[in-house]
Amino acid sequence: MGVLRVLVVKELKDLLRDRKLLIGMILAPLLIYVAMGAVMSFSIRESMRAVEERVEKGVELGLMDLDKGPYSTLLRQFLERFMRARIVEVEPGPPSKVLRKLIAKRVPALLVVPRGFSRNISRGLRGFLEVYVEIGDLSISSMALAGVYSSIPERFSQYLSTIIISNSSSVNPVFAKDPVGGVSKALFAGSEVDMALLQSMMGQAFMLPIAPMLVVGYAASLAAMSIGVEKEEKTLEVLLSLPIGRRGIVLAKLTSSLAIAALSSVSMMVGLAYYISSVSTSIGGGFGTSIFGFVGPEGLAMFAAAVFLSVLLASTLGLYLGSFGEDVRSAQSMVGFVWIVATVPLYLAMFSDLALDPPQRLLAIASIPFTAPLMVLKALVSSRLLYAAVSMASELLVLILVILLLAKRFEGEKLLVGRGGARRRRWGTLLVKRRA
């Protein structure tokens with residue numbers, strides 16, 4: 001047991017002595033979750049603050065009163081007094097078309113009071129209201145704001161219940177407890193959908209950053225490992241000594257990264273499509289009622305291109321950072337922080353709201369590398385393609401910069417020794433000079 005303890009202590013010291021390994025394997029997971037927690041906390045807090053500010057100023061609401069009775073008048077008074085609603089009267093018509101006209105006037109919701117609403121309540125029968133809300137983006141802010149409008153029937157029912165109970169003792173208690181019901185519909189990506197379906201799609205959206213994050217992280221790790229193996233087995237030294245142009249070697253590595261990125265993107269798209277289709281089918285829908293179903297084939301192609309660009313950037317970044325390592329272990333530890341670089345922007349993009357957040361903040365988020373997959377998908381469903389273009393252009397510029405740095409890295413001889421080897425060689429030279 002004494003020998004085993006000595007060996008274990010020796011192995012632990014060897015592992016912990018390597019600072020790159022310490023950072024990449026021990027500190028990186030901690031930093032990832034701390035960063036994710038900070039991003040999610042900030043995003044949720046800002047989302048709720050934006051919704052609260054809009055509610056405090058008073059909600060804007062279109063009202064289609066087909067009843068014209070005393071209880072529809074009471075409903076209007078309730079909205080103006082307790083919800084500080086700014087009501088826009090609209091003419092009767094198809095609710096979806098009327099809501100689109102209201103959206104053009106920056107009014108995001110429509111409340112329909114059907115015929116016979118007051119008559120039913122007067123007879124002790126439950127009345128129903130219809131709420132139509134625009135969902136500008138799959139985000140916490142938009143869903144929370146939609147929840148404010150969707151809660152109007154329930155809040156009015158509670159208000160009316162107190163009036164009925166205080167004015168009459170012979171009324172049916174079941175009716176008196178809940179005299180008004182509601183049906184909520186949402187206008188999302190140009191289509192009318194149920195709120196329950198949107199909540200399911202919101203759950204799908206929470207899973208979307210995970211697949212690109214995994215693919216990006218593994219792509220960077222694989223690229224770093226490949227160049228680490230070449231250094232460790234001295235094949236890179238042999239390759240650089242051959243009469244082959246350095247740019248040709250870089251081009252070959254980039255071409256292989258391009259092929260791997262394409263395969264990874266196709267694999268991820270197939271797996272993600274199956275996952276989303278399975279989830280949608282389990283709740284009675286299908287692929288057409290999923291997030292991908294709303295963007296169409298062209299949108300799927302743009303999303304695949306964004307994933308491909310992110311994976312290619314991760315692979316190229318992995319090659320560049322891995323070139324500073326001396327062996328496989330140090331090369332992989334160099335890219336440990338890529339998980340953080342990929343995770344934080346992806347979740348920041350997911351929690352952003354392209355319909356409610358300030359444009360300056362959205363442009364700043366879109367400019368961060370690795371946000372392209374999420375920003376493209378959100379831009380497609382919210383019809384705000386500027387953010388998709390900015391995100392992909394920013395990622396392309398960073399990719400070109402990393403390629404130039406990689407080409408410059410291959411031009412010198414420091415590539416063969418790595419950063420640590422170059423440092424040890426400098427110290428060795430200084431020692432020789434001192435002895436001389």
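Structure notes:
- Matching residues in the stretch 108-122 - criterion: being closer than 15 Å to residue 86 by Cα and either part of a loop (DSSP other than H, G, I, E, B) or in contact with a His (Cβ under 9 Å, 6 or more places away or on another chain) (or both): 108
- Tally, over the stretch 84-107, of residues that are at pLDDT 90 or above, outside any helix (DSSP H, G or I) and either touching a Ser or Thr at 6+ places or on another chain (Cβ under 9 Å) or of a type in the set (Lys, Arg) (or both): 1
- Test: residue 33 is out of contact with any Asp or Glu (no Cβ under 8 Å at 6 or more places or on another chain), in the same structural domain as residue 343 (by TED's automatic domain parsing) and either in contact (Cβ under 8 Å) with a residue 24 or more places away in the chain or surrounded by fewer than 16 Cβ atoms within 10 Å (Cβ to Cβ) (or both): yes
- Test: residue in the stretch 108-120 that is at pLDDT below 90 and over 22 Å from residue 67 (Cβ atoms): no
- Any hit, the stretch 152-162, residues being within 29 Å of the chain's Cα centre (by Cα), crowded, with 17+ Cβ neighbours inside 10 Å and aliphatic (A, V, I, L, M): no
- You will find that of 174, 216, 180, the residue that is among the β-branched types (Val, Ile, Thr) and surrounded by fewer than 16 Cβ atoms within 10 Å (Cβ to Cβ) is 174 and no other.
Residue-wise test of (1) buried (at least 21 other Cβ atoms within 10 Å of the Cβ); (2) at pLDDT below 85.
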position: 297; (1), (2): no, yes
position: 313; (1), (2): yes, no
position: 317; (1), (2): yes, no
position: 322; (1), (2): yes, yes
position: 351; (1), (2): yes, yes
position: 354; (1), (2): yes, no
position: 361; (1), (2): no, no
position: 364; (1), (2): no, no
position: 373; (1), (2): yes, no
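Let's see how each residue does on (1) among the small types (Gly, Ala, Ser); (2) without any contact (Cβ under 8 Å) to a residue 40 or more places away in the chain; (3) closer than 18 Å to residue 334 by Cβ; (4) out of contact with any Pro (no Cβ under 6 Å at 6 or more places or on another chain):
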residue: 200; (1), (2), (3), (4): yes, no, no, yes
residue: 222; (1), (2), (3), (4): no, no, yes, yes
residue: 231; (1), (2), (3), (4): no, no, yes, yes
residue: 238; (1), (2), (3), (4): no, yes, no, yes
residue: 247; (1), (2), (3), (4): no, no, no, yes
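- Residues that are within 15 Å of residue 132 (Cβ to Cβ) and not in a strand (DSSP E or B) within the stretch 54-78 comprise 59, 66, listed in sequence order.
Here is a yes/no grid of residues against (1) among the hydroxyl-bearing types (Ser, Thr, Tyr); (2) crowded, with 22+ Cβ neighbours inside 10 Å:
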| site | (1), (2) |
| --- | --- |
| 78 | no, no |
| 81 | no, no |
| 87 | no, no |
| 94 | no, no |
| 108 | no, yes |
| 115 | no, no |
| 141 | yes, yes |
| 144 | no, no |
| 148 | no, no |
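- Hits in the stretch 162-194 - residues which are in contact (Cβ under 8 Å) with a residue 60 or more places away in the chain and in contact with a strand residue (DSSP E or B) (Cβ under 8 Å, 6 or more places away or on another chain): 185, 187, 188, 192, 193
- Here the helices (runs of 4 or more DSSP H) wholly within the stretch 302-415 that include at least 2 residues being without any contact (Cβ under 8 Å) to a residue 12 or more places away in the chain and assigned by TED's automatic domain parsing to the domain that holds residue 291 are 359-366, 385-411.
- Each residue in the stretch 256-271 was checked for being over 9 Å from residue 315 (Cβ atoms) and surrounded by 13 or more Cβ atoms within 10 Å (Cβ to Cβ), and 5 pass.
The values are calculated or read from the model by the stated rules, or taken from the named source; none is laboratory data. In this text the structure is predicted, and so the values were computed from the model without any measurement. Glycine gets a Cβ as well: all are built from the backbone with ideal geometry, and neighbour counts include every protein chain shown.
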